[in-house]
Every structure is written in C-alpha cells, then in structure tokens.
Amino acid sequence: MLTMQPVQQTIMCKTAQGITSRDQWSQMISGTYFPLTLHYGSGQAEFHGSLKVWKAEGSDFSLSRLQSDCAEYSRSESQIAQDDHSSFLVTIPQQTQVFFSQHGRSLSCKPGHFIVEQGDAPYRFGYESPNDMWVFKVPGDAMKHRVRRPERYSQHCFAAEKGMGRAFVEFLMICANRSDECSTPERNRLFEQALGMLSLVLEQDDRVLNSDQSHLKTAHLMRIERFISSHLGDPDLNPTRIAESCGISLRYLHKLFAETGYTVAEWIRLQRLEAARRDICDAASGITIGEIAYRWGFSEQAQFSRAFRQHFGCSAREMRIQRQP
C-alpha cells in the first residue's frame, strides 16, 4: 500500500545549553534527501528548522517544505560513494536567494526561480538568511528516462515566475495541498506528472544548448527527442522517418545516438515502455493493458508483454495489481 502522509518535524537548538539539536537537524536532512554535511553560522545563538515531507512509500520521489535559519549544505565524493541510489533535488526558494556550486560553476538563485542539484556529484548549497523552500526529490533513473543528460541542468537557474515554470511550481503545491484527497495510486501519479512538467521546463531552455560544447549536435538531439516523444503512438515510427522529418541523414542520426549509449530503436522502445508504465500505474485510466500497448506504438501485445517484463522485471498485469489500492 502506498501512503503519502506529511510528516512535520521542528527543531530549535541553543548551543549555549550544549543541546545537540543541530546534529538532529543534520540527520533529518540527510535522511530526507541523501547524506550531506551541514555548516551553521558561527554567530548564531539559536537555530530553528522545520521540515514537512510528503512521500509515497515504495517510491523514491518526495516533496518537502524546508524552513530554517541560514545554513550551508555540501555533498562530498565519500558520501556519494556510500550512496546506492542517485537522485536529483529541485530546490525552489520562496523567501531569500540561495547559492549553489557544482561542476565548477556557481549560481545565485533568487525567489521566483529554481535550481536542479545532481546528487551523484559533489556540490555546495546554502543561504545566508532564514529561508523557506520547496524541494522536489526525483530518483536518478526516473529523471534520466525523461531528460537526456540531466546533469547539464545543474549549471543554470530556471525561471518560475510565469509560463510552464510557474505552472510546475504551482502543481507541486497542489500535490501537497490535495494529496489527502487522492487515492494512494493517484498520489504517486502526481509525482510522475510533476516530473513530466519539469522535463518540459528544462528542455525548452535554450541556454543548455548554448552552454554545451557540441552545440549543433545537442540541438539536433533535442529536436530528434522531441519528435520521437510526440510520435510514440505511431507504430511506423522508425529511424528513416525520424531522419527525414528532422532534416538530417540516416547515417548522422545513428552517429548522434551512438554517443548517447542508446541506439535509436532502443530509445524509442524505452520511451514507449515508460509511457505505458505510467498509464498502467494510473488506476483512474480505465483502459486495458492491450489498449495501452497499442496507444504507445506496440503493434502486437505479445511483443509488448515480452519487452515490458524484460525491462521492468514483472508483467504489466502484475505491476497493475501491485499499484492497486
């Protein structure tokens, strides 16, 4: 059974009394996100922190609201080596700006924007005055299935004052405010929808193209992936059609994908399976597994069943049963 109940924890520590509440706060932060080292202002007589978390059990997604006095958080190589699962944190400051440094680049992110922190690479993050932040934790595998090379996005702040960026942030707040009105499968589905919105915000940002050393190749790949994503339901989608539609040669298409670790066919199959999985886990969809298979471009249900079991380690029917309330 999936549950998504908010957990409220508040800490106040007074160093003058020798209380170890700062250690408790450090443990709580590391337990919620991943192991981090925390540093506090030397002149702080007291430290106040509050953390509220919405988490779907059985899933590594989580949404949290963090409020605290100034602090600095850092992630080291040794902490990464001891962590079995990679994750990304999408941090949205509400009260004051935050600083962030990763991959040799430093950012200052003010309210109305957000940043993406890559959990399997060292970084430094913090804020110099009390802050109020939303943090969306995304499993590394889920992020990489939706966004190609997501580590590139840790080098930019993304606007959330209007358009899709604003819609993404407001949707996260809806997830928190309405989670108790949803069934348990619906709650987990909310996180999947939030990730989909996040991927749209990230991939529409042209700065990532401009900062990439292989600008032209990256531009081609992003255009190709968008075309594939919008035509997944077409069973006739193939490399030849993709190359013609994107204005490149078939040979160049295969060369571009050779550098990503996937063939064109493998990428198409992966995106179709992920789309089918999301529909299967959506109890409210009301459509059969066969209909889902055909919706996402599988011409034969037997072919879909084999591919699904091979990729996810269980049948589509077994996964649907597991996700039922």
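Measuring max minus min along each principal axis, the C-alpha atoms of region 254-316 give extents of 40, 21, 21 Å (largest first).
What list of whole percents do you get for P(r) of region 45-153, with Cα-Cα distances grouped in 10 Å bins up to the one holding the largest distance? Bins of 10 Å from zero give 14, 44, 36, 6, 0 percent of pairs. Pairwise alpha-carbon distances in region 108-181 exceed 17 Å for 55% of all pairs.
Cross-link reach is defined here as a Cα-Cα straight distance under 13 Å, omitting same-chain residues fewer than 8 places apart; for Lys110 the aspartates and glutamates meeting it are Glu128, Asp132, Glu161. To make sure I understand the rule: partners must be aspartates and glutamates, Cα under 15 Å from the Cα of Lys144, and not fewer than 8 residues away in the same chain. Which ones qualify? Excluding near neighbours in sequence, the set is Asp60, Glu117, Asp120, Glu192, Glu203, Glu225, Glu266, Glu274. Relative to the compact-globule estimate of 2.2 N^0.38 Å, the Cα radius of gyration of region 109-257 comes out at 1.20. Placing unit charges on the Cβ atoms only, positive for Lys and Arg and negative for Asp and Glu, gives region 43-102 a dipole magnitude near 260 debye about its Cα centre.
For region 30-104, the convex hull drawn through the C-alpha positions has a volume of 130 cubic angstrom per residue.
Work the Kirkwood hydrodynamic radius out for the chain: mean of 1/r over every pair of different alpha-carbon atoms, inverted, in Å. Evaluated on the chain, it is 21.4 Å.
Laboratory data are not the source of any read-out in this text; all were calculated from the coordinates shown. Since the structure is predicted, the reported quantities are computational estimates derived from the model, not experimental observations. Glycine also receives a Cβ, built like all others from the backbone with ideal geometry; neighbour counts cover every protein chain displayed.
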